[in-house]
Every structure is written in structure tokens, then in C-alpha cells.
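Participant: My questions all concern the structure below.
The values are calculated or read from the model by the stated rules, or taken from the named source; none is laboratory data. In this text the structure is predicted, and so the values were computed from the model without any measurement. Here the Cβ positions follow ideal geometry from the backbone for every residue, glycine too, while neighbour counts run over all protein chains shown. These accessible areas exclude ligands, DNA and RNA; they are computed on the full protein's heavy atoms, side chains included. Shrake-Rupley method; radii C 1.70, N 1.55, O 1.52, S 1.80 Å.
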Amino acid sequence: MPNPVEDFEITAASAEDIVTLGAWAHEEGWNPGLTDGGVFFPTDPGGFLIGRLGSVPVTSVSVVRYGPDHGFLGFYLTRPHLRGQGYGLRTWQAGTARLAGRNVGLDGVPAQQDNYRRSGFRTCWSNARYEGTPPPDIAPPPGTSLVDARTVPFAQLAAYDRRFFPAPRDGFLAAWITAPGRTALAAVRDGELQGLGVVRDCRAASRIGPLYAASPQVAAALVSALAATLPEGSVAVDVPDVNPAAVRLAGELGLAPSFDTARMYTGPEPVIDRAGYYGITSLELG
């Protein structure tokens, strides 16, 4: 009879495993995008670990490297019937070892935040997921146009994204805005970016993220226009409370809070454009 401890093995996940992780995340109520796996996996193919008991996947963690100094941790999951038996902890230890020496971020659910603090993470801000159907036909400010983000020079998009994320992630961003089942809109004025929003199909409400904007008016126009591309118009945005204007706007758009996480880091809180940060990109990769 196999020894459960000896029969537990942690390896790099396969592309097929990423599909399984998406199903697990859905069961936890995280509502990942339907095609997120096709973007996540190529970003750092070695950055997804899965623990198997025998041949059965039972634990996971994503530990994606961005540049030489930054990492992001997500997908930390253990199948419910095996929690409390040490399998998750062993997977966590294998994952964090891969990111040793980096400033590591994560979006932690309330039940795990104390555990993360004991592992050296500290809370830098909170995110609240707001869901609902925003008003239609909200116009951008005069002189600002909403265009397909894929028509904007990519170098301009990548530089803009860098204002809101602490490391370059050009490969991820390129895949994120062009993957199936999503729409990406940019707000442009006099050739300069004033905002960026991406909506993607999910099992429940379609998720908007990232959502960057130069003003609440630009953010509102992006949310309204992105919702208008959907059959039912229901959206969800993970709103960071480091931007009070974003929190106010979510309420003004008629969206209601439904889910909380905390952005936590092991090192210094990254310097980002807080005033333009209206919605995080994803819980799994930052």
C-alpha cells in the first residue's frame, strides 16, 4: 500500500493542468476567465506547480517571475478533503523557494491572510470585487475617444501598463489583450493614452481588468463601453482601495461589493500610479 507522504510529488504543471486549476478556482468562487489559462501558462511555463497524490492532482500554486526582482503568487489551493494534512504547506514551500530573493506579491482571500503574514507578507491595500450592470452609453470626456486597444502601438500600451505594475510584463500584456473571449479598449486623447480596460468572458459575471484611467469620467466610459459588448452587460471589477475615486465610482455605477482580497507583498510596497488604478488585472498573476 503506498505511503501518502512518499506518494506526494510536486512538479511543474502541464498546460492541461492549468485547465484543472481554472476549474478549482471557479469552485472557490474566484470566477477566473474562460481563456485565462492560455495567457497564464506561456507567461512563465515553469511558474505553475501542482502536487499529486499518486497520479491525482491535489494542490497547486503559481509562482510567476517578472523580470529579475519581482514575482507574483496565486492559485494557492488544496483540494478540500485534504486540507490540514500538510500537502498545501509543502506546495507553498516549493513555490516560495522558486521566488526567493524577489519582492513577491499576492492577492489573498481573508481566510488565508494571517497565514500569509506569518510567511512574511504584509498588507499594502485591499481589493473589493464590485459586480453589476453599469449604466449604458456613458460618454468619455470631450476630446477623448475609445478605440480598440489592439490598434494602439504596443510599445505605448506596455509603457502605460508599467505605471500600474511593478515590473515589465510585455508578453503577458500582449496575450492578455488579444486572447479569445475578450475585448480591450483604450481611451486616447491627442495621441496619448488616457485609459485602458479589458473585459473577458467568465463562468459568472464577465471580469474587467485591468482598468486604468486618467479620471473617473474616463473609467466610467470604459466600464460602460466594455459592458455594452456583452450579451447581458453584467461585469465585475476588483477595485483597489488605494484609489478612493475608484471605490466611489463603483458605487456610482450601481455595482455592489461581493468578494474581498488583500494585495500583500514580502518587500517594499511598489510605487504605482494610484490615482489612475481603477481595477486590478487578475488575482492570479497580478
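Participant: Considering region 187-197 alone, what residues qualify as being touching a helix residue (DSSP H, G or I) at 6+ places or on another chain (Cβ under 8 Å) and surrounded by fewer than 24 Cβ atoms within 10 Å (Cβ to Cβ)?
Facilitator: 193
Participant: Going residue by residue through region 212-223, is there one that turns out to be farther than 18 Å from residue 138 by Cβ, of a type in the set (Val, Ile, Thr) and within 18 Å of the chain's Cα centre (by Cα)?
Facilitator: No, there is no match, as no residue in region 212-223 is farther than 18 Å from residue 138 by Cβ, of a type in the set (Val, Ile, Thr) and within 18 Å of the chain's Cα centre (by Cα).
Each row is one residue, and each column tells you yes or no for (1) open to solvent by 60 Å² or more (accessible area, probe 1.4 Å); (2) touching a helix residue (DSSP H, G or I) at 6+ places or on another chain (Cβ under 7 Å); (3) on the phi > 0 side of the Ramachandran plot; (4) in a helix (DSSP H, G or I).
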site	(1), (2), (3), (4)
24	no, no, no, yes
30	no, no, no, no
61	no, yes, no, no
72	no, no, no, no
91	no, no, no, yes
96	no, no, no, yes
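Here's the yes/no breakdown for (1) part of a strand (DSSP E or B); (2) at pLDDT 95 or above; (3) not aromatic (Phe, Trp, Tyr):
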| position | (1), (2), (3) |
| --- | --- |
| 135 | no, yes, yes |
| 141 | no, yes, yes |
| 155 | no, yes, yes |
| 176 | no, yes, no |
| 208 | yes, yes, yes |
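Participant: What pairs come out if I take residues in region 167-178 that are among the β-branched types (Val, Ile, Thr) and pair them with residues that are open to solvent by less than 40 Å² (accessible area, probe 1.4 Å) whose C-beta lies under 7 Å away, six or more apart or interchain?
Facilitator: Going by the 7 Å Cβ cut-off, the qualifying pairs are 177/149; 177/184; 177/198.
Participant: Cβ-Cβ distance below 8 Å, separation of 6 or more or different chains: which pairs start in region 192-205 with a residue that is aliphatic (A, V, I, L, M) and end on one that is part of a strand (DSSP E or B) and open to solvent by 20 Å² or more (accessible area, probe 1.4 Å)?
Facilitator: 196/185; 198/182; 198/183; 198/185; 199/182; 199/183; 205/131
Participant: Any idea which residue in region 199-229 is surrounded by the most Cβ atoms within 10 Å (Cβ to Cβ), counting only those that are within 22 Å of residue 244 (Cβ to Cβ) and of a type in the set (Ser, Thr, Tyr)?
Facilitator: If we take residues in region 199-229 being within 22 Å of residue 244 (Cβ to Cβ) and of a type in the set (Ser, Thr, Tyr), then 212 is surrounded by the most Cβ atoms within 10 Å (Cβ to Cβ).
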